[in-house]
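These notes are about the structure you will find just below.
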Amino acid sequence: MRRLFPVTDQTSAPDQGEWSFEALAEAYAYPETDGPWLRANMVSSLDGAGQHEGRSHPLSSDTDMRIFGTLRALSDVIVVGAETVRQEGYRPARAREAFAARRSAVGQGPAPVIAVVTASLDLDFGLPLFTSPLVPTIVLTGASAPPDRVREAEVAGAEVVIAGDGPGVEPARAIAALAERGLRRMLTEGGPRLLGQFVAAGVLDELCLTVSPMLTAGSAQRIAGGPSVTAPEHFRLELLLEEAGFLYTRYRRI
């Protein structure tokens with residue numbers, strides 16, 4: 001297990017008290033592997049809520065958002081569910097100057113691809129996510145998706161990828177389809193239903209979880225929902241950071 005301390009505890013503080021992007025990029029670097037690697041990034045309250053009033057942002061912090069940006073900048077593709085796209089107001093991933101050299105060195109483009117998982121394609125294809133991304137947005141869906149919605153997505157500029165025989169997406173096929181396109185460093189930001197599907201399918205390699213020092217009560221979803229696994233899957237702690245009561249963790253499947 002590694003520990004990363006705030007730069008204020010060191011002799012030099014390049015980011016005036018913040019963890020530098022370089023330090024975070026090293027701490028969260030993808031492992032060297034020939035195959036795909038799927039990591040999730042989620043936030044949870046102390047009492048297990050993955051959202052507050054339908055959104056994750058109220059549980060977050062400035063440092064959490066800094067790590068959020070780092071994880072995005074290290075990835076080839078960001079995989080997200082349609083409901084999260086609607087609720088969180090997703091926009092195209094942007095190029096980050098702080099990561100430009102690092103991305104170029106490993107053959108990545110200026111920004112990661114966004115891949116939206118949806119059975120119905122009930123999305124607003126007039127949004128910038130589809131009409132003006134740096135790299136075309138991918139729509140992952142099933143073979144029996146509504147043909148008119150598929151055409152709308154393609155007209156808007158999205159690449160529609162079939163990753164299931166029915167209306168929905170099969171997690172393992174989605175991972176394989178993205179890897180075939182050279183998108184091996186994968187990041188999912190949920191929502192809970194999509195993460196639950198990845199967990200149940202046994203394809204999640206890593207979880208980056210922020211534990212927020214907040215209590216919400218209520219009936220908010222956990223970070224993963226949907227079908228349960230036959231037996232709990234064991235992950236080991238790889239990294240632990242702490243700041244202002246927030247815990248930033250990185251767990252890897254054993």
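The values are calculated or read from the model by the stated rules, or taken from the named source; none is laboratory data. Computed from a prediction, not measured in an experiment: that's the story for all the values here. In this analysis, Cβ positions are derived from the backbone assuming ideal geometry, glycine residues included, and neighbour counts consider all displayed protein chains. For the accessible areas, the whole protein counts, side chains as well, though only heavy atoms, and no ligand, DNA or RNA atoms are used. Shrake-Rupley method; radii C 1.70, N 1.55, O 1.52, S 1.80 Å.
Quick notes on this one:
- Lone unmet requirement of (1) at pLDDT below 95; (2) open to solvent by 20 Å² or more (accessible area, probe 1.4 Å) for residue 37: (1)
- Among the residues of the stretch 130-165, those identified as hydroxyl-bearing (Ser, Thr, Tyr) and either surrounded by 18 or more Cβ atoms within 10 Å (Cβ to Cβ) or touching a Pro at 6+ places or on another chain (Cβ under 6 Å) (or both) are 137, 141, 144.
- Screening residue 198 on (1) open to solvent by 20 Å² or more (accessible area, probe 1.4 Å); (2) of a type outside the set (D, E, K, R); (3) within 24 Å of residue 121 (Cα to Cα) shows it passes everything except condition (1).
- When the stretch 232-254 is limited to residues that are without any contact (Cβ under 8 Å) to a residue 40 or more places away in the chain and either β-branched (Val, Ile, Thr) or open to solvent by less than 60 Å² (accessible area, probe 1.4 Å) (or both), the one that is nearest to residue 46 (Cα to Cα) turns out to be 245.
- From the list 43, 116, the lone residue that is surrounded by 15 or more Cβ atoms within 10 Å (Cβ to Cβ), under 18 Å from residue 160 (Cα atoms) and within 14 Å of the chain's Cα centre (by Cα) is 116.
- Sole exception among (1) of a type outside the set (D, E, K, R); (2) crowded, with 17+ Cβ neighbours inside 10 Å; (3) in a loop (DSSP other than H, G, I, E, B) for residue 109, by number: (2)
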